[in-house]
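Reading through the structure tokens given below for one structure.
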Amino acid sequence: DSPKKVVFFRNGIPVHVRSNLESECLGQLLVRRGIIDRATLEESLLRVRDGDGRQGGILIAMGAITPRQLRDALELQQREKLFDLFAWPGGAYHFSEAMEPPPETVTLEMGLAEMLYRGIRERIPLPRVVQRLEAQRDRFVVPGGRGFFGLLQVVEPAERALLEGVEGRHTLGALLDAAPRRGEAARVLHAARC
């Protein structure tokens, strides 16, 4: 199968993501983080196949993880599934109102500005960000909009200073050239543009 994601939206903001990628399964994430080992993963998968319940509950019953570790892992899993989309160079999508988010699920607890900022910062390679901005270098950067001001709440202090200094009299190229950390500036200005 080709990679497939189902993103559930509420009021235009992603709240839950499903994926068919094995690497994004809960057990795989727990192994990568060193919380469980491969043997524990395999035993939990056998129990899931035997109908003993969901993997998280099985791992708690096995004493392999705590309820808090499960909650943290499920939150991280949701973020990784969503942010992985930022790294995709292309794909197809369609909207449907046919499905509701599954009950008893951990949801993404981020605003749209934070999702964009973190997704761009964590998953889009810097050369691709710079390439996307290249055609905009001669355009003036003007502050405004809820997204722009939402970014001010979630960015790092140096990036906040850059955004707070935007007053509409400088081009994107001038702001990038003057920034002490050009890569960080490119990412945050790309997020503001998005």
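The values are calculated or read from the model by the stated rules, or taken from the named source; none is laboratory data. Predicted model only: the values in this text are computed from it and were never measured. So basically every Cβ, Gly included, is an ideal-geometry build from the backbone, and we count neighbours across all protein chains shown. Just so you know, the surface numbers come from the protein's heavy atoms only, side chains and all, with ligands and any DNA or RNA stripped out. Shrake-Rupley method; radii C 1.70, N 1.55, O 1.52, S 1.80 Å.
Each row is one residue, and each column tells you yes or no for (1) within 18 Å of the chain's Cα centre (by Cα); (2) open to solvent by 60 Å² or more (accessible area, probe 1.4 Å).
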{"site": "ARG33", "(1), (2)": "yes, yes"}
{"site": "ILE58", "(1), (2)": "no, no"}
{"site": "GLN69", "(1), (2)": "no, yes"}
{"site": "GLU75", "(1), (2)": "yes, yes"}
{"site": "ARG79", "(1), (2)": "yes, yes"}
{"site": "PHE86", "(1), (2)": "yes, no"}
{"site": "GLY90", "(1), (2)": "yes, no"}
{"site": "MET99", "(1), (2)": "no, yes"}
{"site": "MET110", "(1), (2)": "yes, no"}
Of (1) in a loop (DSSP other than H, G, I, E, B); (2) open to solvent by less than 60 Å² (accessible area, probe 1.4 Å); (3) touching a helix residue (DSSP H, G or I) at 6+ places or on another chain (Cβ under 9 Å), LEU151 satisfies every one except (1)
Of ALA178, ALA191, the only residue that is modelled with pLDDT of 90 or more and farther than 30 Å from LYS81 by Cβ is ALA178
In the set VAL129, VAL141, the lone residue that is farther than 26 Å from TRP88 by Cα, open to solvent by less than 50 Å² (accessible area, probe 1.4 Å), touching a His at 6+ places or on another chain (Cβ under 9 Å) and in contact (Cβ under 8 Å) with a residue 24 or more places away in the chain is VAL141
Going through segment 154-177 in order, the residues found to be without any contact (Cβ under 8 Å) to a residue 12 or more places away in the chain, open to solvent by less than 80 Å² (accessible area, probe 1.4 Å) and over 13 Å from TYR117 (Cα atoms) are ALA161, GLY165, ALA174
Going through (1) farther than 24 Å from ILE124 by Cα; (2) open to solvent by less than 80 Å² (accessible area, probe 1.4 Å) one by one, VAL17 fails only at (1)
